[in-house]
Amino acid sequence: MAKKEVKKEEYEVSEVQEEYLQIYHEYFVLKWDWTDICKYHNCSKSKVSTAIRWVIENKMKFPSKFLIKGAIDAISARLKRNKEMYDHESNKKRFRDNMFVVALVRELREDEKTLLKLQEIYHADDVDDQRLSAGQVLKLIGEAQKEKIK
């Protein structure tokens, strides 16, 4: 039996590129307004657009840790929004949509499971994290989404 070699990531992120990743994350995942990003990073709107464009063009080259962090934050935001909807719907005295509540509970459970798995990967030792490439992480997330649909 031949051992399956695991490709280590060799892509290093500079300080400027890390700031670009943070700007992209704040804009798309955390849903910050571009004016807030400019104030936070003390930069212009053109730097924000340059950062977003650069991240989109180079997204397959990033270390998996950045992708996992973005997925964790996106799922956390979705969990928060779904919990608010659940609280609103379940607190209704009249005209409560029970099917909607059941669907929300199911989605909350699945998101919590996915979040826990991603957090385990994110907080694992650096040795284990370096074994996954960005493409492999995206493939794992895609497979998890396919299983969720079935």
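Every number in this text was worked out from the coordinates using simple rules, so none of it is lab data. The shown structure was predicted, so the numbers you read here are calculated from the model rather than taken from an experiment. Note that each Cβ is placed from the backbone with ideal geometry, even for glycine, and that neighbours are counted across all protein chains shown.
Using a cut-off of under 20 Å, list every residue of segment 69-109 whose amide N is near the label point 7 Å from the Cα of residue 144 along the Cα-to-beta-carbon line.
Only 69-83, 104-109 fall inside the zone, counting backbone N under 20 Å.
For segment 12-60, what's the relative contact order in percent, using C-alpha pairs closer than 8 Å and at least 6 residues apart?
In percent, rounded to a whole number, it is 41.
Find, to one decimal place in angstroms, the Kirkwood hydrodynamic radius of segment 23-88, where the mean of 1/r is taken over every pair of different Cα atoms and then inverted.
For segment 23-88, the Kirkwood estimate is 13.2 Å.
For a quick protection proxy, order the peptides 94-103, 37-46, 61-70 by their average other-Cβ count within 10 Å, most packed first.
Ranked by mean Cβ neighbours within 10 Å, highest first: 61-70, 37-46, 94-103.
Could you please rank 85, 60, placing first whichever residue has the fewest other Cβ atoms within 10 Å of its Cβ?
By the 10 Å Cβ count, ascending, the order reads 60, 85.
For residue 33, put the label point 7 Å out on the Cα→Cβ axis and report which residues of segment 63-92 keep their amide N under 12 Å from it.
none
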